[in-house]
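The structure appears below as structure tokens.
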Amino acid sequence: MILAAGRGERMRPLTDHTPKPLLGAGGKPLIVWHIERLVNAGITELVINHAHLGEMIEKVLGDGSRFGAQIQYSAEASALETAGGIANALPFLLPSHEGEFEGDGSPFAVINGDIYCDYDFARLPERAAALLARGDAAHLVLVDNPVHHPKGDFLLQAGRVIPTGDQRLTTNDSLLTFSGIGLYQPSLFNHIPRGSVAPLAPLLRAQIALGKVSGEHHDGFWLDVGTPQRLQELDEYLHTIQAHHD
């Protein structure tokens, strides 16, 4: 699932007439970078939620066939926040037949539409299998703290996301920032009524307290494209990368 329902207030006036996932960087809309990289990793069944100017997203991306993907859309009358958006899209995310995984549903990946990250999505199926084997509720990809978020979000220790008040912490432990890339069990969202607003962070912190969340540190390129300045930064970065490849 690619999250694309945000209003993009900090991106105004760019987002007054264009939904944030369709803003361009490196010659492509932000969301197209995700779609192409997911397809290249063998992940072709995609769900995209939208609210603000959502019809434009559907018009530009269509059914996904030109990317080699199958795209379904989960429309929201107004943005439901992350967990609410995922819960609303569960009918699209849950397979109607027995999938590859057994147990409590099939884990699915969720990616913020307003980030750029060179994380290798081909790792996700293996991570999903490990999540199931351990009975975890979630797996989070964490990154170094950006300048605009210096305090970070979560603690990672030996592949586990642990509570920030845990007594096992050593002086070497530091908080990392959630990248906006995660794997989740459907049961994490079963209690959220469809169409209701619900944030993701409280759900994650509850599962972290139960020892049910794994994680990994991605030390490659990551950018939260939250302001026009960062969009320009990403555009310059991608053009530089493309020039090196040409």
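The numbers here are math on the coordinates, done by the rules we state, and not lab data. If you're wondering where the values come from, they're calculated on a predicted model, not measured in any experiment. Cβ placement follows ideal geometry from the backbone for every residue including glycine, while neighbour counts extend to all protein chains displayed.
Assorted remarks:
- Along the chain, counting only GluC sites (Glu not before Pro) with a DSSP assignment other than H, G, I, E or B and at most 10 other Cβ atoms inside a 10 Å radius, the longest segment between sites is 103-246.
- Per-residue extension of 0.36 nm, minus the Cα-Cα distance of ARG194 and ASP144, leaves a gain of 14.6 nm for this segment.
- Within the chain, longest stretch clear of exposed trypsin sites (Lys or Arg not before Pro) (DSSP loop, no more than 11 other Cβ within 10 Å): 1-150
- DSSP bridge analysis restricted to region 118-246 gives an antiparallel fraction near 70%, rounded to the nearest 5.
- For the chain, share of DSSP beta bridges that run antiparallel, in % to the nearest 5: 55 percent
- Region 183-246 - charge dipole about Cα centre, Lys and Arg +1 at Cβ, Asp and Glu -1, debye rounded to 20: 640 debye
- Kirkwood hydrodynamic radius computed over region 1-115 comes to 14.6 Å, based on all pairs of distinct alpha carbons.
- Spatially proximal lysines relative to LYS59 (Cα-Cα < 24 Å; intrachain offsets below 8 disregarded): LYS20, LYS28
- Using only side-chain charges placed at the Cβ, +1 for Lys and Arg and -1 for Asp and Glu, the dipole size of the chain relative to its Cα centre rounds to 460 debye.
- Summary value for region 42-160: 18 percent relative contact order, contacts being C-alpha pairs under 8 angstrom separated by 6+ residues.
- For region 122-216, a crude dipole built from +1 on the beta carbon of Lys and Arg and -1 on the beta carbon of Asp and Glu, taken about the Cα centre, is about 220 debye to the nearest 20.
- Label separation (LEU210 vs SER78): 3.1 nm, computed from points 7 Å beyond Cα along the C-beta direction.
- Look at the alpha carbon pairs under 8 Å that are at least 6 residues apart: their mean separation over the length of the chain gives a relative contact order of 25 percent.
- Per residue, the convex hull spanned by the Cα atoms of the chain measures out at 134 cubic angstrom.
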